[in-house]
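The values are calculated or read from the model by the stated rules, or taken from the named source; none is laboratory data. Fair warning: this is a prediction, and the values are worked out from it, not measured in the lab. Quick reminder, even Gly has a Cβ in these numbers, built from the backbone with ideal geometry, and neighbours come from all protein chains shown.
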Amino acid sequence: MRFGVVVFPGSNCDADCHHVVDRVLGQPVEYLWHGDKQLKEIDCLILPGGFSYGDYLRTGAIARFSPLMDSVREFAEQGGLVLGICNGFQILTEMGLLPGALIRNPSLQFQCQEVHLRVERNDTPFTLCYAPRQVVKIPIAHAEGCYVADRDTLDLLEREGRVIFRYSSPAGEITAEANPNGSLRNIAGIINEKGNVLGMMPHPERCAETIMGGLDGLRLFESLVKWREEGGAR
Amino acid sequence: MFKAVVTVTFKQSILDPQGSAVLKALRSLGFQDVEDVRVGKHIEVLLQGESREKAAQQIDAMCSKLLANPVIEDYRFELAEVKR
């Protein structure tokens, strides 16, 4: 399965994603420069974390207009797998590929910590390798991770089962205390209508090796490969 | 030449954490009458334009495409003709 990691000026988790796919997952992966026009032949596109364009104006606002992004939109609309992590999630909302927006944490702090997430669905290309309602521990690192959307949008996401990760207690309870950034309905990750575009604030690439404190993030990458092996295609 | 002064603010329905922090700071300074604070952005754009109407159209398009995010923000602008 061929992966591509998009690199913007200011991306800083691109090498981590590349490392996990290449060295841990053992799949072919290459960097895709934001200034290129065409995507290479790939099956899954990763928009990595970081501070694209210095987060100027709004997080993800300027990255959205990079030359490569027209191809990214086309790839997503044709059903290609797109994983947006942290800044990647912010870019996907700015592009309108995912609804809502991510705003400053109410604490006004850059929250860098491990959080627990409840996996709400394990029948998506991104979550096949998790158990139903499994609670995982994955780090976050962001200042703008508070997910907001209007009530109709939130209700639609719930109704269509598009909330994939929710901040939870270690026991899987969805509580205000378990919510690190004020995200509405404890939302940490959502998927698009077709189910091929996932955005999430936590960083699965940062917990994909035992030496890094756990393998909970690796399962997401393994899910993509498994989904592909089981015949999922765009 | 036209100069547009664009103001972008969070919609009323969106929590403004910076505004809340500034509100607390103002109250702690003794400004007890402060009811609410919203922090926004001030953007100045200089542009060529045949007419005020065309310039306004362009600025409006800039706001809705890039300068503001309609999901969370409102914008308004003032336009003035200026000398180079």
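Given B:66, B:15, B:23, which one is within 16 Å of residue A:61 (Cβ to Cβ), surrounded by 11 or more Cβ atoms within 10 Å (Cβ to Cβ) and free of Cβ contacts under 8 Å to residues at least 40 places away in the same chain?
B:66
Just one of A:155, A:150 is surrounded by fewer than 22 Cβ atoms within 10 Å (Cβ to Cβ), closer than 23 Å to residue A:196 by Cβ and acidic (Asp, Glu); which is it?
A:155
Please tell me if residue A:105 is within 14 Å of chain B (Cβ to nearest Cβ) and either surrounded by fewer than 17 Cβ atoms within 10 Å (Cβ to Cβ) or at negative phi (or both).
So residue A:105 fits the description; yes.
Scan the stretch B:66-77 and give yes if some residue there is of a type outside the set (Lys, Arg) and away from chain A (no Cβ under 14 Å), otherwise no.
Yes - at least one qualifying residue is present in the stretch B:66-77.
Here are some conditions: (1) crowded, with 16+ Cβ neighbours inside 10 Å; (2) touching a residue at least 60 places away in the same chain (Cβ under 8 Å). Residue A:71 meets all but one. Which one does it not meet?
(2) is the only condition that residue A:71 fails.
Just give me the residues in the stretch A:11-47 being buried (at least 17 other Cβ atoms within 10 Å of the Cβ), touching a Leu at 6+ places or on another chain (Cβ under 8 Å) and part of a strand (DSSP E or B), in sequence order.
A:32, A:44, A:45, A:46, A:47, listed by residue number.
A quick yes/no check of all residues on (1) over 13 Å from the mean Cα position of the chain (by Cα); (2) on the phi > 0 side of the Ramachandran plot:
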site: A:55; (1), (2): yes, yes
site: A:62; (1), (2): yes, no
site: A:82; (1), (2): no, no
site: A:90; (1), (2): no, no
site: A:93; (1), (2): no, no
site: A:96; (1), (2): yes, yes
site: A:123; (1), (2): yes, no
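Just name the residue that is nearest to the other protein chains (Cβ to nearest Cβ) out of those in the stretch A:108-120 that are in a strand (DSSP E or B) and of a type outside the set (Asp, Glu).
Applying the filter and picking the extreme gives A:111.
Here are some residues: A:174, A:191, A:211. Which one is modelled with pLDDT under 95, out of contact with any Phe, Trp or Tyr (no Cβ under 7 Å at 6 or more places or on another chain) and more than 14 Å from every other protein chain (Cβ to nearest Cβ)?
It is A:211.
Among the residues in the stretch A:130-152, are any within 14 Å of chain B (Cβ to nearest Cβ), farther than 24 Å from residue B:38 by Cα and out of contact with any Phe, Trp or Tyr (no Cβ under 8 Å at 6 or more places or on another chain)?
Yes: one or more hits.
For residues in the stretch B:1-46 being among the charged types (D, E, K, R) and not in a strand (DSSP E or B), which is farthest from the other protein chains (Cβ to nearest Cβ)?
B:33
Looking at (1) surrounded by 14 or more Cβ atoms within 10 Å (Cβ to Cβ); (2) within 14 Å of another protein chain (Cβ to nearest Cβ), which is the only condition residue A:56 fails?
With (1) surrounded by 14 or more Cβ atoms within 10 Å (Cβ to Cβ); (2) within 14 Å of another protein chain (Cβ to nearest Cβ) applied to residue A:56, the lone miss is (1).
What residue, of A:100, A:172, is within 15 Å of the chain's Cα centre (by Cα), of a type in the set (Gly, Ala, Ser) and surrounded by fewer than 23 Cβ atoms within 10 Å (Cβ to Cβ)?
Matching residue, one of A:100, A:172: A:100.
May I ask you to verify whether residue A:94 is part of a strand (DSSP E or B), farther than 14 Å from residue A:143 by Cβ, modelled with pLDDT of 95 or more and out of contact with any Leu (no Cβ under 6 Å at 6 or more places or on another chain)?
No; evaluated as a whole, the condition is false for this residue.
Please name all residue pairs, on different chains or six or more residues apart, with Cβ atoms under 9 Å, provided the first residue is in the stretch A:129-147 and is surrounded by fewer than 21 Cβ atoms within 10 Å (Cβ to Cβ) and the second residue is among the hydroxyl-bearing types (Ser, Thr, Tyr) and part of a strand (DSSP E or B).
A:135/A:168
Of everything in the stretch B:69-84, what is assigned to a loop (DSSP other than H, G, I, E, B) and either of a type in the set (Lys, Arg) or farther than 16 Å from residue B:15 by Cα (or both)? Give them in sequence order.
Residues satisfying the conditions are B:82, B:83, B:84.
Given the conditions (1) more than 24 Å from residue B:16 (Cβ to Cβ); (2) away from every other protein chain (no Cβ under 14 Å), which single one is not true for residue B:61?
(2)
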